[in-house]
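See below for the structure under consideration.
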Amino acid sequence: MGKIIAISNQKGGVGKTTTSVNLSSALAQLGKRVCLVDIDYQANATTNLGVNRSNLLHSSTDIFMSQAQAKEALLRLPKLGLDIIPAKFDLSNVEGALIGDDNKNYVLSIALESIRDEYDYILIDCPPSLGLITTNALIAADSVLIPVQCEFLAMDGLTQLLNTIRFIQNKKQLSQKELIIEGVLLTMLDTRSNVGYEVISEVKTYFREKVFKTIIPRNVKVAVSSSYGLPVTEFSPQSKGSQGYKSLAKELVENNE
Ligand SMILES: Nc1ncnc2c1ncn2[C@@H]1O[C@H](COP(=O)(O)OP(=O)(O)OP(=O)(O)O)[C@@H](O)[C@H]1O
Ligand SMILES: [Mg+2]
């Protein structure tokens, strides 16, 4: 049975999508069966993997609106060895449409249970908010991976995220399910400045053994690869960014064995 991991932090631009895309690819390169679920209306993960949104028959919007099964919305990306449930901009209408629906927090969970057995890892790229879409992801997930950017104000807003996680942990306990913190991932470390190292020390003091040993460096190849619609692990396998995500994939697999 596959593990469902939500990649979440309501702070924008901390590396959620970059981590979703490159960790998915690095896990696939390790021979794992991987599905990436894009539930951000910005659809950056979808675009970064080279998927043309205009030709899509189905997307994660249809799953939320109960207009498609997870299986129907899956796209296979054979060159990358992974699958994706893509997102489209119309996902921004979902929260409004689901208001008043008794089941509104559980739609994604029910949908992903139907494909769980086909994968080792299902990664969910969450939007930068703690709204209904993110709640759906945290309820569907077994664990949450929290990217934290090695920059000023990195810890800002994390209390709110942890409160949300705690709230959902309590909710899930009623159905004997768990939501653990998979790990806190330090991203975009600029090795030339002190700020990044100060953030590392602050985050490690707070989260202790929950912090991944792997730290993702700031690396231009990471940013460039997405404009080519490729994970950096495929675009520039030897780059520091690629090595970072490969090391993260190994660490995550080891932690789960
Ligand atoms: N390791 C890295 N090195 C260089 N650039 C990076 C790295 N990681 C992410 N970036 C760049 O930083 C920007 C923000 O990253 P990303 O889109 O992954 O963040 P996000 O948390 O998903 O943002 P949002 O909250 O908008 O969804 C992107 O332009 C991305 O290319
Ligand atoms: Mg994103």
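The values are calculated or read from the model by the stated rules, or taken from the named source; none is laboratory data. Model, not experiment: these values are computed from the prediction. No Cβ is skipped: glycine too gets one built from the backbone with ideal geometry, and neighbour counts run over all protein chains shown. Just so you know, the surface numbers come from the protein's heavy atoms only, side chains and all, with ligands and any DNA or RNA stripped out. Shrake-Rupley method; radii C 1.70, N 1.55, O 1.52, S 1.80 Å.
Results, tabulated for the structure shown:
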read-out	value
Candidates 27, 49, 23 - the one that is out of contact with any Asp or Glu (no Cβ under 9 Å at 6 or more places or on another chain), in contact (Cβ under 8 Å) with a residue 60 or more places away in the chain and within 18 Å of residue 242 (Cα to Cα)	23
Residues located in the range 4-56, provided they are more than 23 Å from residue 165 (Cβ to Cβ) and among the charged types (D, E, K, R)	32, 33, 53
Every residue from the range 11-32 that is away from ligand 2 (no atom under 15 Å from the Cβ) and open to solvent by less than 10 Å² (accessible area, probe 1.4 Å)	25, 26, 27
Test set (1) away from ligand 1 (no atom under 16 Å from the Cβ); (2) modelled with pLDDT of 95 or more; (3) over 19 Å from residue 1 (Cα atoms); (4) surrounded by fewer than 22 Cβ atoms within 10 Å (Cβ to Cβ) - residue 63 fails condition number	(4)
Enumeration of residues in the range 206-224 that are more than 16 Å from ligand 2 (Cβ to nearest atom), buried (at least 18 other Cβ atoms within 10 Å of the Cβ) and of a type in the set (Val, Ile, Thr)	211, 214, 215
Residue 42 being buried (at least 19 other Cβ atoms within 10 Å of the Cβ) and either more than 16 Å from ligand 1 (Cβ to nearest atom) or within 26 Å of residue 150 (Cβ to Cβ) (or both)	no
Residue that is farthest from residue 221 (Cα to Cα), among those in the range 172-204 that are aliphatic (A, V, I, L, M) and part of a loop (DSSP other than H, G, I, E, B)	174
Within the range 115-139, considering residues that are of a type in the set (Asp, Glu) and open to solvent by 10 Å² or more (accessible area, probe 1.4 Å), the one nearest to ligand 1 (Cβ to nearest atom)	120
Counted residues, the range 112-141 - those being of a type in the set (Val, Ile, Thr), assigned to a strand (DSSP E or B) and away from ligand 2 (no atom under 12 Å from the Cβ)	1
Per-region count, the range 33-65, residues more than 16 Å from ligand 2 (Cβ to nearest atom) and touching a helix residue (DSSP H, G or I) at 6+ places or on another chain (Cβ under 7 Å)	8
Check on residue 94, under 16 Å from residue 128 (Cβ atoms), surrounded by 21 or more Cβ atoms within 10 Å (Cβ to Cβ) and within 16 Å of ligand 2 (Cβ to nearest atom)	no
Subset of the range 140-171 (residues that are of a type in the set (A, V, I, L, M, F, W, C) and open to solvent by 50 Å² or more (accessible area, probe 1.4 Å))	152, 153, 167
Considering residues of the range 227-249 that are of a type in the set (A, V, I, L, M, F, W, C) and part of a helix (DSSP H, G or I) only, the residue most open to solvent (accessible area, probe 1.4 Å)	235
Positions within the range 188-247 being over 25 Å from residue 81 (Cβ atoms) and among the acidic types (Asp, Glu), in sequence order	190, 198, 202, 209
Boolean, residue 99 is of a type in the set (A, V, I, L, M) and free of Cβ contacts under 8 Å to residues at least 60 places away in the same chain	yes
When residues of the range 69-91 are limited to those that are open to solvent by less than 10 Å² (accessible area, probe 1.4 Å) and more than 16 Å from ligand 2 (Cβ to nearest atom), the one farthest from residue 223 (Cα to Cα)	70
